[in-house]
Amino acid sequence: MLSAAPSSGTPLVLPYLTGERAPGWVADARAVLAGVTASTDGDDLFRGTVEGIAMTYARVAAELAPAAPDAAQIMASGRVSNDQPDWLQILADVLGRPVTHVTLKRSTLRGTALLALDVLAPDVPRAPRATGATYEPVPDRADHYAERRARFGAVYDAVVAR
């Protein structure tokens, strides 16, 4: 279901089951399901939730853009990326940027080690990170996700924003 083309029938989901961490930091935000019908099934809800997570990441990326205007690629790691790599295509489509799958487990530990090495051994070469596929945004999906992001923002503003 995650590898399928997007559908206008997918429910819009604000995925805040335990509050919003970023970018609004609304601790008491809760999940919202919009566009659910009698024909909506579990796969549709899962797809909508994954799209909602990707749209939340896009909101974070938009806030970070002034600090890193030349960021051209996103590196994604973690259990979900390893267990459900097709979600990275949705993320690439929503962000409009390539997303590369970092396959290394415990990648946060690698990042911490790299920060320590910058201080302790700045001239020592670094081992390359283990990566898998790079997911390129599909241009034909840009309008679909631009509309979804606008709807997401409107629902967020109506229900969550303070």
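Consider the stretch 98-127 and keep the residues that are of a type in the set (Val, Ile, Thr) and over 22 Å from PRO85 (Cβ atoms). The one that is nearest to the chain's Cα centre (by Cα) is THR112. Take the conditions (1) touching a residue at least 12 places away in the same chain (Cβ under 8 Å); (2) among the small types (Gly, Ala, Ser); (3) assigned to a loop (DSSP other than H, G, I, E, B); ALA27 misses just one of them, which is (1).
Would you say ASP86 is more than 20 Å from ARG59 (Cα to Cα), modelled with pLDDT of 95 or more and of a type in the set (D, E, K, R)? It is true that ASP86 is more than 20 Å from ARG59 (Cα to Cα), modelled with pLDDT of 95 or more and of a type in the set (D, E, K, R).
Answer yes if at least one residue in the stretch 35-43 is assigned to a loop (DSSP other than H, G, I, E, B), of a type in the set (A, V, I, L, M, F, W, C) and under 20 Å from VAL159 (Cβ atoms), and no otherwise. Explain how you work it out, then say what you get.
Within the stretch 35-43, the first condition is being assigned to a loop (DSSP other than H, G, I, E, B), and the residues that meet it are 35-41.
Retained after the next criterion (residues that are of a type in the set (A, V, I, L, M, F, W, C)): 36, 38.
Right, trim to under 20 Å from VAL159 (Cβ atoms) and you get 36.
Checked against the condition, which is being assigned to a loop (DSSP other than H, G, I, E, B), of a type in the set (A, V, I, L, M, F, W, C) and under 20 Å from VAL159 (Cβ atoms), the stretch 35-43 yields at least one hit.
Restricting attention to the stretch 66-115, and to residues there that are assigned to a strand (DSSP E or B) and in contact with a Leu (Cβ under 7 Å, 6 or more places away or on another chain), which single residue is surrounded by the most Cβ atoms within 10 Å (Cβ to Cβ)? Quick ask: steps written out before the conclusion?
As a first pass, look at the stretch 66-115 and keep what is assigned to a strand (DSSP E or B): 74-76, 99-102.
With in contact with a Leu (Cβ under 7 Å, 6 or more places away or on another chain) added as a condition, the list becomes 74, 76, 99, 101.
On the way: ILE74: 17, ALA76: 21, VAL99: 26, HIS101: 19.
Ranking the qualifying residues of the stretch 66-115, first place goes to VAL99.
In a helix (DSSP H, G or I), within 21 Å of LEU2 (Cβ to Cβ) and of a type in the set (Asp, Glu): is that true of GLU147 in this structure? For GLU147, the condition - in a helix (DSSP H, G or I), within 21 Å of LEU2 (Cβ to Cβ) and of a type in the set (Asp, Glu) - is met.
Matching residues to (1) within 26 Å of GLY111 (Cβ to Cβ); (2) in contact with a strand residue (DSSP E or B) (Cβ under 8 Å, 6 or more places away or on another chain):
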position	(1), (2)
PRO6	no, no
LEU12	no, yes
THR18	yes, no
VAL36	no, no
ASP41	no, no
THR49	no, yes
ALA54	yes, no
ALA58	yes, no
PRO66	yes, no
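The lone criterion from (1) surrounded by 16 or more Cβ atoms within 10 Å (Cβ to Cβ); (2) modelled with pLDDT of 95 or more left unmet by THR37 is number (1).
The values are calculated or read from the model by the stated rules, or taken from the named source; none is laboratory data. Since this is a predicted model, take the numbers as computed values, not measurements. All Cβ positions, even for glycine, are placed from backbone atoms using ideal geometry, and neighbour counts span all protein chains on display.
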